[in-house]
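Worksheet for the structure shown next.
The values are calculated or read from the model by the stated rules, or taken from the named source; none is laboratory data. Treat the numbers as computed from the prediction; the structure is a model and nothing was measured. Cβ coordinates were reconstructed from backbone atoms using ideal geometry, including for glycine residues, and neighbour counts include every protein chain displayed.
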């Protein structure tokens, strides 16, 4: 199976009628897929039983295209990844046996496309099946899920603080969702020491849309709104560019279990239980 990914992240089946109708006739013997990768900033992902083959042009590899490639790889991790750099005469093929190495290599090669210090602010977010909680590697998430079920997903305003500080819930973030149409910071993750140059308390009660790094925070809270609306937990995998207290930047890949808590007829809280998978310096 081959997927064609456009510069804006849209995916196409290059052999479908929809694709042909959208792009129109391109010549009887023309290879439009190869032309798109070579000249238009597209990428392809072809999946085989023993490996996944990715073709791209490093000089024409937009951020949105890379983000979709990463999302597809994270949702279906292959046993082996072959990277083919179109337009490179020297060693255009690279074979990587580790997904983390492949993602790091893609990031490094795409730097040829980025202007200056431009780096994507929005995280890559992939929804995972809750069946993954059965894996022993996710024991901490299993405990949080069990505690949530035992409490029947109901809380009162008196024990909101207990959830925010309980080690069972990983010391993750807690948000208040009044009317399920706003997301207000109730408690920061316990791993946070400050928020930028300001104390954390300065931003308690703030709407996420008003925070300084809303480009990162707002996309991560979409899962909160989905969980509050459905009253069902969600498991997500996130890869994001973050900034440490000393100003250095790093990539962090982590899973999080999003748990909705009902406090009233239309008054909900949502907590996020994190599980870090990888930290890599830029």
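Against the test of being in a strand (DSSP E or B), modelled with pLDDT of 90 or more and under 16 Å from the mean Cα position of the chain (by Cα), the options 235, 241 yield a single qualifying residue, 235.
Scanning the stretch 146-168 for residues being part of a loop (DSSP other than H, G, I, E, B) and either under 25 Å from residue 134 (Cα atoms) or free of Cβ contacts under 8 Å to residues at least 12 places away in the same chain (or both) gives a total of 6. For the stretch 37-60, the set of residues classified as buried (at least 17 other Cβ atoms within 10 Å of the Cβ) and touching a strand residue (DSSP E or B) at 6+ places or on another chain (Cβ under 7 Å) consists of 37, 41, 42, 43, 44, 45, 52, 53, 54, 55, 56, 58, listed by residue number. Scanning the stretch 89-99 for residues that are at pLDDT 65 or above and either at positive phi or exposed (fewer than 14 other Cβ atoms within 10 Å of the Cβ) (or both) turns up 92, 93, 95, 97, 98.
Look at (1) at pLDDT 90 or above; (2) within 25 Å of residue 276 (Cα to Cα) and you find that residue 206 fails only one, number (2).
Condition check ((1) free of Cβ contacts under 8 Å to residues at least 40 places away in the same chain; (2) in contact with a helix residue (DSSP H, G or I) (Cβ under 8 Å, 6 or more places away or on another chain)) across all residues:
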position: 170; (1), (2): no, yes
position: 177; (1), (2): no, yes
position: 217; (1), (2): yes, yes
position: 225; (1), (2): no, no
position: 230; (1), (2): yes, no
position: 252; (1), (2): yes, no
position: 260; (1), (2): no, yes
position: 278; (1), (2): no, yes
